[in-house]
């Protein structure tokens, strides 16, 4: 009899122990006699969905107005005021989310992961600036992007960096873009958002690291105009390439260039190409040799890059949650005194099989192996392009904005003495 | 020479435009067609989400971040990893789940000798839980929302000893709805997900918000 009691008691204890806390009430809700009214659970509503449509409308409006100001009005002053508006709306009011730079990752994730639901605003924020750039040049950078706007405000004493340094630092955005796409495609992380330097300023509230990074960029931005836009921004890479094929683009002079060189110093971004005239610097033979060299160099660089990338795929995948968990399962905490990690605790309480966790991690590793080849090949291609750009000199007679790097800020226009009467 | 360059430019422009249009088309089509209708039990039209003609299922819906209390292990990272200070994640009291216990596992420290409102007896580091006598032997516990830091100590206590009526939730008036939630990527239990903005809370044990849209 005693045994049965003990058994029942044990069963009861186990039942209490394993009763999922949620959904089953251990203590039934009391029936109140004093007329007590149960308060409502606090659940504040999120931002209304209609406001996402408003963001899209404001974006299209800003792009249209700025493009018109840049191409038709050619007015630096008005572009500046538009940039202040963008800073206020997309920066301080919308607090940096949603933004075109980050939307690269949403689009990538949506393309690779069909279960991810991409909001309409993310698609539009990705596509609209590219389409406008394809027709009018980088007017988005000029005065619609809050990142550009805040850096433009502090560009007091811009220094010339020289073509070489500009070209070399200009490689960083490509690497950043490649990494961001790799991590977004594998569903690991959104690194552009993670290392967003200005979101702390928009929200007046961020981690110490974020503030330091943003502050450093702004301080260096006094001497190197728009450091993020030129040497970090991954979306700038896409805009750079679409802008090269733009239908229209801002011109420095409204008529004939008189070669006065006044505009050259006005550009804070080193985006004005000097005329390359006079004697042909390269005769046909050296040109041919250079071309052959480049056509051999680029595939070699791509292969070397791809191989290196595939070698590094385990390191690249190290930040992925599934890979991290698998590593922890393989190397459990040996020290008895040391507490179990939260990841292991969660894994155990979820009741998942170890083999399943390993299979998931192996899938991720495989994705990173392929991604490593592609990323490495891409970086090799970029370096090849850099070398090709430095070797080949293009001929043109006038001072013209470089369609790729020109941010359409309209500063140079005021400096041109040629006026249409 | 100039003509050839113009033609090449036109060609590239056309290619890029086509590419962008195709990407947009694919993404838009997928989003409209995707069967991830999460209206769940509030919708009576379920089981044919692919052909669902309800506006809520067809129109683009925005998403917000929310954590699933069923997966939560109360590690305390919600309090520290949010980009906001204090965290946008806070303990939420589901009164319909509460047992109104005198000996509340979420309010009192486990080793407390006598039940009182003295600060040293309270589990909450900021004394954000207010205890109020209702009628013998029941007490009502209310969270002082601005004081709560989302540390989940009370949630742990309540789910271990009580009904689990205290649950962590992202409070959407505070959440900035970051593109990638900073807590989500560090959550050991993978409890965070993007949920439809029309149904932004994942409280356990009760039906969703009483005034939630009833469809069908």
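The values are calculated or read from the model by the stated rules, or taken from the named source; none is laboratory data. Keep in mind that what you see is a predicted model, and the values were worked out from it rather than measured. Every residue, glycine among them, receives a Cβ derived from its backbone with ideal geometry; neighbour counts consider all protein chains shown.
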Worksheet entry | Single residue of B:108, B:168 found to be more than 7 Å from chain A (Cβ to nearest Cβ), closer than 16 Å to residue A:42 by Cα and either touching a helix residue (DSSP H, G or I) at 6+ places or on another chain (Cβ under 6 Å) or free of Cβ contacts under 8 Å to residues at least 40 places away in the same chain (or both) | B:168
Practice prompt. Would you check which residues across the range B:74-99 are crowded, with 23+ Cβ neighbours inside 10 Å and in a helix (DSSP H, G or I) and list them?
Written response: B:78, B:97
Worksheet item: How about the range B:178-193: which of its residues are facing chain A (nearest Cβ under 7 Å) and either within 21 Å of residue A:95 (Cα to Cα) or in contact with a strand residue (DSSP E or B) (Cβ under 6 Å, 6 or more places away or on another chain) (or both)?
Response: B:178, B:179, B:180, B:185
Worksheet item: Which of the residues spanning the range A:90-116 are farther than 18 Å from residue A:229 by Cα, more than 10 Å from chain B (Cβ to nearest Cβ) and surrounded by 19 or more Cβ atoms within 10 Å (Cβ to Cβ)?
Response: A:108
Item to complete: Could you figure out which of (1) closer than 18 Å to residue A:217 by Cα; (2) within 14 Å of chain B (Cβ to nearest Cβ) isn't true of residue A:147?
Response: (2)
Item to complete: Scan the strands (runs of 3 or more DSSP E) fully inside the range B:100-210 and keep the ones with 1 or more residues being within 27 Å of residue A:27 (Cα to Cα).
Response: B:129-135, B:138-143, B:166-170
Worksheet item: Would you call residue A:60 more than 7 Å from chain B (Cβ to nearest Cβ) and at pLDDT below 95?
Response: no
Worksheet item: Does any residue in the range A:153-167 that is over 22 Å from residue A:387 (Cβ atoms) come within less than 6 Å, Cβ to Cβ, of a residue that is assigned to a helix (DSSP H, G or I) six or more places away or on a different chain, and which pairs are these?
Response: A:154/A:218
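Table: residues versus (1) surrounded by fewer than 18 Cβ atoms within 10 Å (Cβ to Cβ); (2) within 23 Å of the chain's Cα centre (by Cα); (3) over 27 Å from residue A:414 (Cα atoms).
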{"residue": "A:40", "(1), (2), (3)": "yes, no, yes"}
{"residue": "A:45", "(1), (2), (3)": "yes, no, yes"}
{"residue": "A:48", "(1), (2), (3)": "yes, no, yes"}
{"residue": "A:58", "(1), (2), (3)": "yes, yes, yes"}
{"residue": "A:65", "(1), (2), (3)": "no, no, no"}
{"residue": "A:69", "(1), (2), (3)": "no, no, no"}
{"residue": "A:72", "(1), (2), (3)": "yes, no, no"}
{"residue": "A:81", "(1), (2), (3)": "yes, no, no"}
{"residue": "A:88", "(1), (2), (3)": "yes, yes, no"}
Practice prompt. Please state which of the following conditions residue B:68 fails to meet, knowing it meets all the rest: (1) at the interface with chain A (Cβ under 9 Å from one of its Cβ atoms); (2) in contact with a strand residue (DSSP E or B) (Cβ under 8 Å, 6 or more places away or on another chain); (3) modelled with pLDDT of 90 or more.
Written response: (1)
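Matching residues to (1) in contact with a strand residue (DSSP E or B) (Cβ under 7 Å, 6 or more places away or on another chain); (2) under 18 Å from residue B:194 (Cβ atoms); (3) in a helix (DSSP H, G or I); (4) not assigned by TED's automatic domain parsing to the domain that holds residue A:251:
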position: A:85; (1), (2), (3), (4): no, no, yes, no
position: A:106; (1), (2), (3), (4): no, yes, yes, no
position: A:116; (1), (2), (3), (4): no, yes, no, no
position: A:126; (1), (2), (3), (4): no, yes, yes, no
position: A:132; (1), (2), (3), (4): no, no, yes, no
Worksheet, complete the sentence: When residue A:329 is run through (1) more than 18 Å from residue B:188 (Cβ to Cβ); (2) part of a helix (DSSP H, G or I), the failure sits at (1)
Worksheet, complete the sentence: The residue that is farthest from residue B:27 (Cα to Cα), considering only those in the range A:90-104 that are in a helix (DSSP H, G or I) and either within 19 Å of the chain's Cα centre (by Cα) or touching a residue at least 40 places away in the same chain (Cβ under 8 Å) (or both), is A:92
Practice prompt. Among the numbered conditions (1) outside any helix (DSSP H, G or I); (2) away from chain B (no Cβ under 13 Å), tell me where residue A:42 comes up short.
Written response: (2)
Item to complete: Return the total of residues in the range A:365-395 being free of Cβ contacts under 8 Å to residues at least 24 places away in the same chain and buried (at least 17 other Cβ atoms within 10 Å of the Cβ).
Response: 0
Worksheet item: In the range A:396-418, is there at least one residue being buried (at least 20 other Cβ atoms within 10 Å of the Cβ) and without any contact (Cβ under 8 Å) to a residue 40 or more places away in the chain?
Response: no
Worksheet, complete the sentence: If we ask which residues in the range B:133-161 are crowded, with 24+ Cβ neighbours inside 10 Å and within 7 Å of chain A (Cβ to nearest Cβ), their number turns out to be 1
Practice prompt. Test residue B:117 against the criterion of being surrounded by 14 or more Cβ atoms within 10 Å (Cβ to Cβ), over 25 Å from residue A:36 (Cα atoms), modelled with pLDDT under 90 and more than 14 Å from chain A (Cβ to nearest Cβ), and give yes or no.
Written response: no
Worksheet item: Filtering the range A:120-144 down to residues that are over 15 Å from residue A:102 (Cα atoms) and surrounded by fewer than 24 Cβ atoms within 10 Å (Cβ to Cβ), which residue is farthest from the other protein chains (Cβ to nearest Cβ)?
Response: A:135
